[in-house]
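Encoded as structure tokens, the structure appears first; notes follow it.
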Amino acid sequence: FAPNHLPTGYPQDHPPINRSLRCLYLTMIGFLIIATVFFIAVTSEDHQRISLHKTNIINNVLSIKQKWAPSSTLGDTGEVDLYNFKDTQYYGQIAIGTPKQQFLVLFDTGSSNLWVPATSCGNCGAHARYNENASSTYVANGTEFRIKYGTGQLKGYLSEDVVYVGDLSDSVTFGEATDEPGITFKEAKFDGIFGLAYQTIAVDDVIPPFVQFGNDGKLTSNVFSFYLQSDDNKDGELLLGGIDSKHYTGELYYTPVIHETYYMVEQQGGTINGKSITNVTKAVIDSGTSTLVGPTTEVAAIAKMVNATSAGNGEYEVDCKQTLPDITFTLGSSSNNKAFTISGETWKIKICEFDVICTCLMGIIGLDIPPLDDGPFWILGDVFMRDYYSVFDVGNNKVGFANIAK
């Protein structure tokens with residue numbers, strides 16, 4: 001979620017699997033964050049396809065808490081590979097400036113700003129850095145830029161330059177990070193964040209890149225859609241400006257966004273084996289969160305149902321040999337809703353070291369989000385989106401889902 005709306009006081013330390021391995025897993029999981037590569041075909045000049053590629057899980061709980069926060073006819077569109085890191089981070093390539101400077105960014109529906117490291121950042125690890133002095137299209141802004149995370153504040157300043165997503169390009173205001181808090185971003189596979197949520201939660205009220213593209217007539221429609229994959233041998237896709245029907249089966253079910261901050265929708269309930277697991281009436285669809293996230297008491301009850309053991313900080317471990325039950329969430333209004341079932345194998349996350357020593361985590365994390373931050377609500381992250389093609393119709397303030405085409 002948008003980090004500037006993150007409740008304060010979250011634990012900043014992550015418990016030790018094999019414990020360093022889980023820590024890495026957990027850094028990336030909660031952040032929208034995933035790393036599988038998806039390849040995309042483009043058929044319209046006003047669509048932007050981004051391929052999503054795949055890799056493995058890393059550092060989850062800490063990240064979640066910190067967040068709360070080829071086609072034959074490309075034309076003027078483009079394709080960008082999006083990489084999936086162990087089902088925890090889905091990121092892809094963009095470029096900024098003239099000549100182009102390349103960056104890997106996390107495409108996040110739970111935040112609204114674009115930011116990348118600045119050349120002056122002293123603690124940004126080995127990530128690519130934006131050099132404003134090397135770009136002939138750079139425009140100085142200088143406004144201070146701060147995003148609050150659980151481990152501190154990401155600091156920097158605003159700048160303006162041409163941003164390229166495939167063959168789409170436009171002048172965009174973005175953040176240059178000069179100070180990154182903690183180890184989460186340093187260990188991430190991506191350099192920065194590409195926020196796709198509403199401008200209402202943008203730091204400094206900056207116009208989000210996708211909104212800027214729409215305002216300037218770069219898109220056929222103000223729609224983007226995600227096709228995520230877990231299969232290492234298959235690609236997925238983020239399509240800006242359209243919907244790709246070959247990636248889903250059946251009809252798209254749409255439900256209105258009820259709060260134009262995150263992509264929040266009504267939720268009528270959730271069940272496992274026909275037994276209710278939640279009384280919460282709202283859910284947020286978030287590509288930047290790797291797991292499902294629910295209130296701590298409800299997640300603890302689910303863990304008890306499946307004989308999971310606590311790993312601390314809202315996490316739970318399960319026996320890798322165990323078959324987990326399907327979990328169903330009913331989304332939409334009382335008069336127009338639909339049940340969406342997530343397979344047990346989808347929400348069992350396996351982490352292996354050297355492909356021999358493996359641990360399995362329950363792909364549901366407990367986290368209490370207070371009313372001040374529009375809580376309580378469930379977060380339906382990549383665990384949900386891997387089973388359902390997800391359409392974000394920004395122009396009509398609704399989201400749509402259909403079964404992923406396998």
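The values are calculated or read from the model by the stated rules, or taken from the named source; none is laboratory data. All values derive from a computational prediction rather than experimental measurement. Backbone-built Cβ (ideal geometry, glycine too); neighbour counts: all protein chains shown. When the accessible area is computed, the model is the full protein with side chains, heavy atoms only, and any ligands, DNA or RNA have been set aside. Shrake-Rupley method; radii C 1.70, N 1.55, O 1.52, S 1.80 Å.
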Query raised in the report: If the limit is 18 Å between Cα atoms, which of LYS189/LYS218; LYS282/LYS338; LYS350/LYS406; LYS321/LYS348; LYS282/LYS398 go over it?
Result: LYS189/LYS218; LYS350/LYS406
Requested in this report: Only Lys, Arg, Asp and Glu count, each charged at its Cβ (+1, +1, -1, -1), so figure out the dipole size of the stretch 194-246 about its Cα centre, rounded to 20 debye.
Outcome: 180 debye
Report task. Over the stretch 138-197, average the accessible area per residue using a 1.4 Å probe and give it in Å², no decimals. Result -> 32 Å²
Query raised in the report: When the Karplus curve 6.51 cos²θ - 1.76 cosθ + 1.60 is applied with θ = phi - 60°, which whole-Hz ³J(HN,Hα) does each residue of the stretch 313-318 get, with x for Gly and Pro?
Result: 6, x, 9, 9, 9, 10
**Report entry** Debye equation applied to the C-alpha atoms of the stretch 242-301, log10 I(q)/I(0) at 0.12, 0.18, 0.22 Å⁻¹
**Finding:** -0.42, -0.88, -1.12
Report summary line: Long-range amide H partners of TYR263, meaning residues 5 or more apart or on another chain whose placed amide H is closer than 5 Å, are ILE285
Query raised in the report: Hey, what's the stretch 321-406 come to in accessible area per residue, 1.4 Å probe, Å²?
Result: 39 Å²
Query raised in the report: Residue by residue through the stretch 375-380, which ³J(HN,Hα) values in whole Hz follow from phi under the Karplus form 6.51 cos²θ - 1.76 cosθ + 1.60 (θ = phi - 60°), with glycine and proline marked x?
Result: x, x, 7, 8, 9, 9
Report task. Taking amide H positions as placed in the peptide plane 1.01 Å from N, state which residues far from TYR388 in sequence (5 or more) or on other chains have amide H under 5 Å from it. Result -> ILE404
Query raised in the report: Amide H to amide H, which residues 5 or more places from PHE340 or on other chains are under 5 Å from it, using H placed in the peptide plane?
Result: PHE329, THR330, LEU331
Requested in this report: Evaluate the relative contact order of the stretch 259-312 (contact order divided by residue number), counting alpha-carbon pairs under 8 angstrom at least 6 apart; express in whole percent.
Outcome: 28 percent
Query raised in the report: Ignoring ligands, DNA and RNA, what percent of the 1.4 Å accessible area of the stretch 241-334 is carbon and sulfur?
Result: 48 percent
Requested in this report: Work out from phi, with θ = phi - 60° and the Karplus expression 6.51 cos²θ - 1.76 cosθ + 1.60, the ³J(HN,Hα) of each residue of the stretch 101-117, listed in order in whole Hz, and give x for Gly and Pro.
Outcome: 10, 8, 9, 9, 10, 8, 8, 10, 7, x, 8, 10, 9, 9, 8, 9, x
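Of the peptides 363-371, 140-148, 380-388, how do they stack up when ordered by the mean number of other Cβ atoms within 10 Å, highest first?
380-388, 363-371, 140-148
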Report summary line: Here the averaged projected area of the stretch 239-366, based on the convex hull of its alpha-carbon atoms and given in nm², is 10.1 nm²
